[in-house]
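The values are calculated or read from the model by the stated rules, or taken from the named source; none is laboratory data. Keep in mind it's a predicted model, so treat the numbers as computed, not measured. Quick reminder, even Gly has a Cβ in these numbers, built from the backbone with ideal geometry, and neighbours come from all protein chains shown. We work out accessible area using only protein heavy atoms, side chains counted, and drop any ligands, DNA or RNA first. Shrake-Rupley method; radii C 1.70, N 1.55, O 1.52, S 1.80 Å.
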Amino acid sequence: AELLETGLLGEGVLPTLRHAAAHLLAPGFTAIPAVTKVYARLVSGVALRNSETVPDAPESGPGACSGVVAPWHVHAEPMRQQGLISYVSDVFEVLSFHWAGDLPGPEGRSATKCVTLSSAASVDGILMYWTCMASRELQAELSTAPNSTYQRDHWRQAIYTRCASSPRVREQLA
């Protein structure tokens, strides 16, 4: 099972860790990674408006939609350099948590963010990536950020698009 993936938490990692913390681990256990931060940036692009043209992601295409669909797994910076997407906001932190005790509960966690657009372009998706620190003391970092010091083929950035029937992202974030 892959515990960390492009969208960060894969294959039931949160319920598994909650169960382990409650029933199997000693109080004050050390978790690696220790701290995770999730970042986002609003993006625009014809490739996102026409989901059939998003490169590098044929296996990640959206299905039935009642709002935000499964993310596209992409390398965002090459897409930007090729003119397929543009960044229409600065990067903003979505959430952070400590793996040893500050995990979202079964009900989840939400946050409201006010984001200023840096251009008048349409908002066609939300680019998300994460950074994990191995420990609070050790500055070893693992990240899926665009242009991180290493570019992984397997872990990419996630772009969440909206379908035609969902409200405009711009209206939701205004």
For E77, E5, E107, write out the residues from largest to smallest accessible area, computed with a 1.4 angstrom probe and no ligands counted. E107, E5, E77
Most to least accessible of R156, R109 (protein chains only, probe 1.4 Å): R109, R156
Determine how large the accessible area of Y87 is when every protein chain is in place; take a 1.4 Å probe and give Å² rounded to the nearest 10. 50
Against the empirical 2.2 N^0.38 Å scaling, what ratio does the C-alpha Rg of segment 95-148 come to? 1.51
State in Å² the accessible area per residue of segment 101-152; use a 1.4 Å probe, count heavy atoms of protein chains only, and round to the nearest integer. 61
Starting from 0.36 nm per residue, how many nanometres of slack lie between E141 and R80 once their C-alpha separation is accounted for? 19.5 nm
Label S118 and K37 with points 7 Å out from Cα along Cα→Cβ: what is the distance between them in nm? 1.6
